[in-house]
Amino acid sequence: MRALLLATSVLLAAACGGKAVRPEGAPSRVVVVGASVVQKPAPRGLTGDVFGSEEPRDVVAREGAEALRTRGYEVLGVELTGGPAPSVEQSAALARQYGADAAVVLVLTRLDVSAVQPLGRAEVQLEWMMVGPDGRVLSSDERRSATSQNLYRARTDWRSHVRQAVIQAVRELP
């Protein structure tokens with residue numbers, strides 16, 4: 001039984017891989033800003049009908065905050081923007097307003113769910129940046145990823161694919 005527990009722990013640690021925790025010297029207190037230029041996909045299946053009221057920016061912000069907490073960041077607040085991503089100056093102002101070390105801006109720029117039901121795949125494109133309260137961009141990048149999941153919910157609900165892409169993006173932040 002102990003061997004099974006040990007093996008499971010090792011496999012779990014290996015699966016989490018990459019930057020599992022916040023690096024030494026990186027900002028520790030952040031505010032998360034979620035934005036999306038993507039329209040909400042039409043609900044598909046029972047899961048989509050039940051949870052269909054959520055906007056993409058809500059999912060990006062919530063999942064981003066959770067992924068940052070998992071990495072050891074203290075999330076002081078979560079903001080949503082109705083349109084395009086906030087500018088560097090607006091992000092810095094949010095960091096100052098919350099008394100944060102940085103603002104983490106996550107923007108969903110593309111979501112193609114045409115292959116979700118037949119293949120369990122979606123194409124997700126995210127842009128992100130980390131901005132200090134002084135207006136200095138600490139990190140920025142863009143990621144286009146094809147997510148693939150075999151669970152029933154993933155084949156009927158776009159949120160699991162956005163969640164996977166956000167977690168991958170947050171792992172690349174300092």
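The values are calculated or read from the model by the stated rules, or taken from the named source; none is laboratory data. What you are looking at is a predicted structure, and each value in this text was computed from that prediction instead of being measured. We place every Cβ from the backbone using ideal geometry, glycine too, and count neighbours over all the protein chains shown. We work out accessible area using only protein heavy atoms, side chains counted, and drop any ligands, DNA or RNA first. Shrake-Rupley method; radii C 1.70, N 1.55, O 1.52, S 1.80 Å.
Within the range 142-164, the residues that satisfy the criterion of being modelled with pLDDT of 65 or more and either open to solvent by 80 Å² or more (accessible area, probe 1.4 Å) or basic (Lys, Arg) (or both) are GLU142, ARG143, ARG144, ARG159, ARG163.
Out of the residues in the range 51-75 that are assigned to a loop (DSSP other than H, G, I, E, B) and among the charged types (D, E, K, R), which is surrounded by the most Cβ atoms within 10 Å (Cβ to Cβ)?
Let us first name the residues in the range 51-75 that are assigned to a loop (DSSP other than H, G, I, E, B), namely 51-55, 71-73.
Keeping just the survivors that are among the charged types (D, E, K, R) gives 54-55, 71.
Details: GLU54: 14, GLU55: 16, ARG71: 18.
Top of the filtered list is ARG71.
For the residues VAL78, VAL124, VAL105, the requirement of being part of a strand (DSSP E or B), open to solvent by less than 20 Å² (accessible area, probe 1.4 Å), at pLDDT 95 or above and under 19 Å from ARG62 (Cβ atoms) singles out VAL105.
Residues of the range 81-102 that are part of a helix (DSSP H, G or I), open to solvent by 10 Å² or more (accessible area, probe 1.4 Å) and under 14 Å from GLY135 (Cβ atoms): VAL88, GLU89, GLN90, ALA93, LEU94, ARG96, GLN97. Against the conditions (1) open to solvent by less than 10 Å² (accessible area, probe 1.4 Å); (2) modelled with pLDDT under 95; (3) closer than 17 Å to SER28 by Cβ, VAL116 satisfies every one except (3).
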